[in-house]
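Beneath this line is the structure, given in structure tokens, with notes to follow.
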Amino acid sequence: MTDSPKLTSRHVEVLRHTLGADSRTPGYRNHYCAGDERDPLCEALVNVGLMEHCGARPELGGHFYRATALGKQLVLRPKDI
């Protein structure tokens, strides 16, 4: 993990989507299906310790990622973690 990741609004948007942060129950899920190929944006989040690659499940749609504890802290309010 790097000391000072350069996050864009798109990185934060993907993390928020991964965690269902904009739903009535933020944090109810923790997965992101990136499709058939590993996603460069998600891989950038993996490289800074905010997501992890969970592997490929072609029968479920492709490569999956999930937010780490650090990724959750970045986008969720404490009561939603």
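The values are calculated or read from the model by the stated rules, or taken from the named source; none is laboratory data. No experiment lies behind these values; they were computed from the predicted model shown. All Cβ positions, glycine included, derive from the backbone under ideal geometry; neighbour counts span all protein chains shown. These accessible areas exclude ligands, DNA and RNA; they are computed on the full protein's heavy atoms, side chains included. Shrake-Rupley method; radii C 1.70, N 1.55, O 1.52, S 1.80 Å.
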Positive-pole candidate from Q73, M51, Y32, dipole of the chain, charges at beta carbon: Q73
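Determine the calculated [θ] at 222 nm for the chain from helices alone, applying -39500 (n - 2.57) to every DSSP H run no shorter than 4 residues and normalising by the residue count; nearest 500 deg cm²/dmol. Display every interim value, and only then the final one.
Working: 3 runs with 25 residues, N = 81.
Dividing the helical sum by the residues of the chain leaves -8500 deg cm²/dmol.
If each residue of separation counts as 0.36 nm, what is the full-extension length gain between Q73 and R24 once their alpha-carbon separation is subtracted? The partial results should precede the final answer.
On the way: separation 49, 0.36 × 49 = 17.64 nm, distance 1.79 nm.
My answer for the length gained is 15.8 nm.
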Spin-label model distance (nm) - K6 vs H31, 7 Å beyond Cα toward Cβ: 3.4 nm
Region 16-32 - phi-based ³J(HN,Hα) in whole Hz, Karplus 6.51/-1.76/1.60, Gly and Pro as x: 5, 5, 3, 9, x, 5, 9, 8, 5, 10, x, x, 5, 10, 8, 7, 9
Length-normalised contact order of region 1-59 in % [C-alpha pairs under 8 Å, at least 6 apart]: 30 percent
For peptides 23-30, 43-50, sequence by mean Cβ density within 10 Å, most packed first: 43-50, 23-30
Charge dipole magnitude, Cβ of K and R +1, D and E -1 - the chain, Cα centre, debye nearest 20: 400 debye
Residues of region 31-81: accessible area per residue with a 1.4 Å probe, Å²: 59 Å²
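Sort 54-60, 13-19, 36-42 for me by packing, meaning the mean count of neighbouring Cβ atoms within 10 Å per residue, highest on top.
Values: 54-60: 10.4, 13-19: 20.6, 36-42: 14.0.
Descending packing order for the listed peptides: 13-19, 36-42, 54-60.
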